[in-house]
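Asks: I'd like to ask some things about the structure below.
The values are calculated or read from the model by the stated rules, or taken from the named source; none is laboratory data. These figures come from a predicted structure and were not determined experimentally. Counting neighbours? That spans all protein chains shown, and the Cβs are built from the backbone with ideal geometry, glycine included.
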Amino acid sequence: MPQVTMTVNGRQVMREVEGRTLLVQFLREGLGLTGTHVGCDTSQCGACVVHVDGKAVKSCTMLAAEADGAEVTTIEGVTPADGGMNPVQKAFQDHHGLQCGFCTPGMVMTATALLAENPRPSPQEIRDALEGNICRCTGYHNIVKAILAASGQDVSALAAE
Amino acid sequence: MPKDHGIGAPMKRREDVRFLTGKGRYTDDINLPGQAYAVFVRSQVAHGRIRKIDTAEAEAMPGVLKVFTSADFADKGGVPCGWLVTGRDGQPMREPKHPILAEGKVRYVGDAIAAVVAETPEQARDAAEAVIVDIEELPAVIDMKAALAEGAPLVHDDLGSNLCYDWGFVEENRAAVDEAFAKADHVTTLELVNNRLVPNAMEPRCAVGDYNVATGDHTLYTTSQNPHVIRLLMGAFVLSIPEHKLRVVAPDVGGGFGSKIFHYVEEAFVTQAAKVLGRPVKWTATRSEAFMTDAHGRDHVTRIELALSKDGEFQAIRTETHANMGAYLSTFAPSIPTWLHGTLMAGNYRTPLIYVNVKAVFTNTVPVDAYRGAGRPEATYQLERVIDKAARELGIDPIEIRRKNFIKPDQFPYQTPVAVVYDTGNYDATMDKLIEIADIAGFEKRREESAKRGLLRGLGVNCYIEACGIAPSNLVGQLGARAGLYESATVRVNATGGLVVMTGSHSHGQGHETSFAQVVADMIGIPEDMVEIVHGDTANTPMGMGTYGSRSLAVGGSAIVRATQKIIAKAKKIAAHLLEASEADIELKDGKFSVAGTDRSVAWGDVCLAAYVPHNYPLEEIEPGLEETAFYDPSNFTYPAGAYACEVEVDPETGKVTVCSFAAADDFGNVVNPMIVEGQVHGGLAQGIGQALLEGAVYDENGQLLTGSFMDYAMPRADDLPFFKVDHSCATPCTHNPLGVKGCGEAGAIGSPPAVVNAVIDALQRGGYTHVTHIDMPLTPARVWAAMQR
């Protein structure tokens, strides 16, 4: 079996993997990083989004072997070590941008990558950026609102009442 | 200023921290020592006779522990159905056996034929492909009306017919309804399809079975909305495991929307396989498997007629519906097109005579059961569509025709002609609020602006009512339910004053851990962080019926209130002793027990400590400890209602529909956490708009599921939806539960499809396409464009 080496959340890991092992399986089953989820088998839902060398990637579309040598960050890796939450995570809580929580890690990782590229996205730019992330619970209203708020924009006009 | 804690406060959700940081614990995150993996061999044809299953090659493959077929379950029961519907002829519905693995025949694409358990998921998958199944393919029945035709292939040969039941409601009213139609000034008729949907909770189903050979204890971890129900159904009917030897755990569950209510064969399989193999066995659905095997929703074909006076007064409603059951009866399937549909056909109106006929039909498709709204969206859609059509035919404004027929505030409680009694409501108030928040006065100006851009703008308005807070057990028992529908709570106060509330409800996105804590904290006057909510494990929660039908706060919350009241009553006795006062003089406020009219008091924590360290304690009168359980069985359903408005733009070149705005004015009664309530409405609206414009499960004539993945089944995405305007200020509190709450989980999905379709028809009519009076959902560009062409 091929051996892969990568840096995951700042820690170097080395494992033997079957050639067909997807990056998401490697993270979940190999490393026990269960914050990254599997919501489909056609690379549509985005529950498995992680960052590979700083870019948002669906970890089900990539073999673990392809990530050899890469720098991988998961939801666990963007979470402050003290048990708190970063500003994007906080904004999702403040604006009720999640319900069942299953799509949430992927949403946060996509949102984080968007804000790194575009620090003040418009609502439409946010909706476009979320094209590859499906949420069945929230109707996206509060996710878009949370991302706007995380970028420092005033969302008071979007109050539901 | 909104309240910052207690009932009515938009408190941030405590469960969010674990979900946002990757620390949720969903079923697929659970891995037990020595765990093996199951993969199912599923039917690739919709209907066929199994000639032979050859497992030899698969069994010889690396890592394979065993290949199971139906022979391994010969002494086990089938998955039971929880609701018996009786037909017009007085006969019980036809009820087929639903085996764990197919016996003799396969009946839909995805039907489980065999299952491989192996050391790794990959080995199980490889071996499953090596199982050779020889099937004689039989003609499939997919279309419901074709399934009822003379000589149609039978899904279940032993039942002798594909008709599950032919139900009439209210049968005694039939002649009077027919007479009203014969005399009516005007009759509006509409034939429509309530499209088949795939619930698609984002977490695919998963089940892990475990067995302790030393103790004989079984444990099932599963993606369920109601672990106690699964324990009862699987233990008593399928595997013959007494409940005290079976624990069912539903940990964090990634959405349900109904699809995780039901007891599925995979749950029974992993539970039994774990015992046979002496190893934990895990099965995780792929999304493709979920499309094929999760119970689908809706799938009704209806003809509705509305009889009116010439000035628009509703006189009678008559409907005929064909409801798809799929190949087997899922847990609640028979109740959805009947008692959760026919009883809502009065809507928000005074229509005096109603007759509903429903023919439930077996087809070679995956079973159909409750999906967010469950019967009530089907009722609302047909009623609110036919009203819109009638208004147009009679030249009456669609809002005015509704107002004219509303049940008025002074008419509550209101006995409808379809059995249910609405306790409270104010439909004019929600309509007034809707007109305000949707800025209906500004529509004409917006329509002109759209027209300048070459787009047809339309406005759709409708009302809805639903029956939630399911349900009074003695009533549903008479209607065929094979279970009670109460809810339970145990409140355990710890010695140092913190509380653990163990509820039979289950949270899979609804935020119970936050809102239930608000209720208890408010009642006692302590901070929410002193209250922990425990749910989802039959080992540490009282027998409860779980979460669906917008019942959790109305029924489960009421049980929590009752249990907390018992706690407070006992704590007051203890406080009276400590304060050397009469119990009748003790008041509880802000976490402190005081003697009325004095400055003498004792803190909540001191009373709790006294209960568990009973040194100075009236042991001859009161037991030590502070723990109480309550079961709450509601005396009526609750009736959330509201008015919705949708504005769309239709591109006449392409038929593409864009939702420009959506406004919802709801009456949910009292609200515990408005932030959570609004979020529930948003999600429901997205699912309803998805049904109206995007979603639809399609089988071809051979029973192949054409929409079997997110590539083919259009889920609503962020750029398909607008920001929503929602309001719940027009509250008429429920009169019969202690919180005055009605439930909010399904409203959005129930009320929104007719608003969208009404808006599209309005846009086309205003745009000169006056021949278009109806288009079946989903209103894809192709369908809209085709309808516009004469």
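Asks: Is it the case, given these coordinates, that A:ALA116 is part of a helix (DSSP H, G or I) and touching a helix residue (DSSP H, G or I) at 6+ places or on another chain (Cβ under 6 Å)?
Replies: Working: part of a helix (DSSP H, G or I): yes; touching a helix residue (DSSP H, G or I) at 6+ places or on another chain (Cβ under 6 Å): no.
Against the criterion (part of a helix (DSSP H, G or I) and touching a helix residue (DSSP H, G or I) at 6+ places or on another chain (Cβ under 6 Å)), A:ALA116 does not qualify.
Asks: Out of (1) surrounded by fewer than 19 Cβ atoms within 10 Å (Cβ to Cβ); (2) closer than 30 Å to B:GLY549 by Cβ; (3) in contact with a helix residue (DSSP H, G or I) (Cβ under 8 Å, 6 or more places away or on another chain), the odd one out for B:VAL500 is which?
Replies: (3)
Asks: So which residues in segment B:20-40 are out of contact with any Lys or Arg (no Cβ under 9 Å at 6 or more places or on another chain), touching a residue at least 24 places away in the same chain (Cβ under 8 Å) and either within 11 Å of another protein chain (Cβ to nearest Cβ) or not aromatic (Phe, Trp, Tyr) (or both), if there are any at all?
Replies: As a first pass, look at segment B:20-40 and keep what is out of contact with any Lys or Arg (no Cβ under 9 Å at 6 or more places or on another chain): B:21-23, B:26, B:33, B:40.
Remaining after also requiring touching a residue at least 24 places away in the same chain (Cβ under 8 Å): B:26, B:33, B:40.
Listed by number, the residues that qualify are B:TYR26, B:PRO33.
Asks: Looking at B:GLY24, is it touching a strand residue (DSSP E or B) at 6+ places or on another chain (Cβ under 8 Å), part of a loop (DSSP other than H, G, I, E, B) and under 30 Å from B:GLU513 (Cβ atoms)?
Replies: So B:GLY24 fits the description; yes.
Asks: Follow-up. Kindly indicate the residue of segment B:659-713 that is more than 30 Å from B:THR732 (Cα to Cα) and among the acidic types (Asp, Glu) and also surrounded by the most Cβ atoms within 10 Å (Cβ to Cβ) among those meeting that condition.
Replies: B:GLU695
Asks: Hey, any hits in segment B:258-273 for a residue that's among the hydroxyl-bearing types (Ser, Thr, Tyr), in contact with a Gly (Cβ under 7 Å, 6 or more places away or on another chain) and crowded, with 24+ Cβ neighbours inside 10 Å? Don't jump to the end; show me each part of the working.
Replies: Within segment B:258-273, the subset among the hydroxyl-bearing types (Ser, Thr, Tyr) is B:259, B:264, B:271.
If we keep only those that are in contact with a Gly (Cβ under 7 Å, 6 or more places away or on another chain) too, we end up with B:271.
Remaining after also requiring crowded, with 24+ Cβ neighbours inside 10 Å: B:271.
Scanning segment B:258-273 turns up at least one residue that is among the hydroxyl-bearing types (Ser, Thr, Tyr), in contact with a Gly (Cβ under 7 Å, 6 or more places away or on another chain) and crowded, with 24+ Cβ neighbours inside 10 Å.
Asks: Can you tell me which residue among A:VAL88, A:VAL108 is touching a strand residue (DSSP E or B) at 6+ places or on another chain (Cβ under 9 Å), on the phi < 0 side of the Ramachandran plot and either part of a helix (DSSP H, G or I) or buried (at least 20 other Cβ atoms within 10 Å of the Cβ) (or both)? Walk me through how you get there before you give the answer.
Replies: Working: A:VAL88 fails: touching a strand residue (DSSP E or B) at 6+ places or on another chain (Cβ under 9 Å).
Within the list A:VAL88, A:VAL108, the selection yields A:VAL108.
Asks: Then there is this: Do you know which of the residues in segment B:1-19 that are touching a residue at least 24 places away in the same chain (Cβ under 8 Å) and either surrounded by 22 or more Cβ atoms within 10 Å (Cβ to Cβ) or in contact with a Cys (Cβ under 9 Å, 6 or more places away or on another chain) (or both) is nearest to the other protein chains (Cβ to nearest Cβ)?
Replies: Ranking the qualifying residues of segment B:1-19, first place goes to B:PHE19.
Asks: Right, here's the next one. Kindly indicate the residue of segment A:48-85 that is in contact (Cβ under 8 Å) with a residue 40 or more places away in the chain and assigned to a loop (DSSP other than H, G, I, E, B) and also surrounded by the most Cβ atoms within 10 Å (Cβ to Cβ) among those meeting that condition.
Replies: Taking segment A:48-85 as the starting set, the residues that turn out to be in contact (Cβ under 8 Å) with a residue 40 or more places away in the chain are A:48-51, A:54-56, A:58, A:62-77.
So of that shortlist, the ones also assigned to a loop (DSSP other than H, G, I, E, B) come out as A:48, A:54, A:62, A:68-70, A:74.
Numbers: A:CYS48: 27, A:GLY54: 12, A:MET62: 20, A:ASP68: 13, A:GLY69: 10, A:ALA70: 20, A:THR74: 25.
Ranking the qualifying residues of segment A:48-85, first place goes to A:CYS48.
Asks: Which of the residues spanning segment B:4-21 are in a loop (DSSP other than H, G, I, E, B) and either in contact with a helix residue (DSSP H, G or I) (Cβ under 9 Å, 6 or more places away or on another chain) or of a type in the set (A, V, I, L, M, F, W, C) (or both)?
Replies: Start the filter on segment B:4-21 by keeping residues that are in a loop (DSSP other than H, G, I, E, B), which leaves B:4-15, B:21.
Of everything in segment B:4-21, those that are in a loop (DSSP other than H, G, I, E, B) and either in contact with a helix residue (DSSP H, G or I) (Cβ under 9 Å, 6 or more places away or on another chain) or of a type in the set (A, V, I, L, M, F, W, C) (or both) turn out to be B:HIS5, B:GLY6, B:ILE7, B:GLY8, B:ALA9, B:PRO10, B:MET11, B:LYS12, B:ARG13, B:ARG14, B:GLU15, B:THR21.
Conditions tested, residue by residue: (1) more than 21 Å from the chain's Cα centre (by Cα); (2) hydrophobic (A, V, I, L, M, F, W, C).
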| position | (1), (2) |
| --- | --- |
| B:GLN691 | no, no |
| B:ASN702 | yes, no |
| B:THR707 | yes, no |
| B:TYR713 | no, no |
| B:PRO716 | no, no |
| B:LYS725 | yes, no |
| B:ASN737 | no, no |
| B:VAL741 | no, yes |
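Asks: Looking at B:ILE396, B:ILE465, which is the one that is surrounded by 14 or more Cβ atoms within 10 Å (Cβ to Cβ), in contact (Cβ under 8 Å) with a residue 60 or more places away in the chain, touching a strand residue (DSSP E or B) at 6+ places or on another chain (Cβ under 8 Å) and not assigned by TED's automatic domain parsing to the domain that holds B:THR86?
Replies: Working: B:ILE396 fails: touching a strand residue (DSSP E or B) at 6+ places or on another chain (Cβ under 8 Å).
From the options B:ILE396, B:ILE465, the qualifying one is B:ILE465.
Asks: What tally of residues in segment A:119-154 results from selecting those that are in a loop (DSSP other than H, G, I, E, B), within 10 Å of another protein chain (Cβ to nearest Cβ) and either out of contact with any helix residue (DSSP H, G or I) (no Cβ under 8 Å at 6 or more places or on another chain) or surrounded by fewer than 22 Cβ atoms within 10 Å (Cβ to Cβ) (or both)?
Replies: Residues of segment A:119-154 that are in a loop (DSSP other than H, G, I, E, B), as a first pass: A:119-122, A:133-140, A:151-154.
Imposing the further condition that a residue be within 10 Å of another protein chain (Cβ to nearest Cβ) reduces the set to A:133-140.
Okay, now just the ones that are also either out of contact with any helix residue (DSSP H, G or I) (no Cβ under 8 Å at 6 or more places or on another chain) or surrounded by fewer than 22 Cβ atoms within 10 Å (Cβ to Cβ) (or both), so A:134.
Residues flagged as in a loop (DSSP other than H, G, I, E, B), within 10 Å of another protein chain (Cβ to nearest Cβ) and either out of contact with any helix residue (DSSP H, G or I) (no Cβ under 8 Å at 6 or more places or on another chain) or surrounded by fewer than 22 Cβ atoms within 10 Å (Cβ to Cβ) (or both) within segment A:119-154 amount to 1.
Asks: Is it true that some residue in segment B:366-381 is part of a helix (DSSP H, G or I), surrounded by 24 or more Cβ atoms within 10 Å (Cβ to Cβ), basic (Lys, Arg) and within 27 Å of the chain's Cα centre (by Cα)?
Replies: Within segment B:366-381 (the criterion being part of a helix (DSSP H, G or I), surrounded by 24 or more Cβ atoms within 10 Å (Cβ to Cβ), basic (Lys, Arg) and within 27 Å of the chain's Cα centre (by Cα)), the answer is yes, since at least one residue qualifies.
Asks: Another question, then. When segment B:540-570 is examined, which residues are found to be surrounded by fewer than 24 Cβ atoms within 10 Å (Cβ to Cβ) and in contact with a helix residue (DSSP H, G or I) (Cβ under 6 Å, 6 or more places away or on another chain)?
Replies: Scanning segment B:540-570 gives a single hit, B:MET543.
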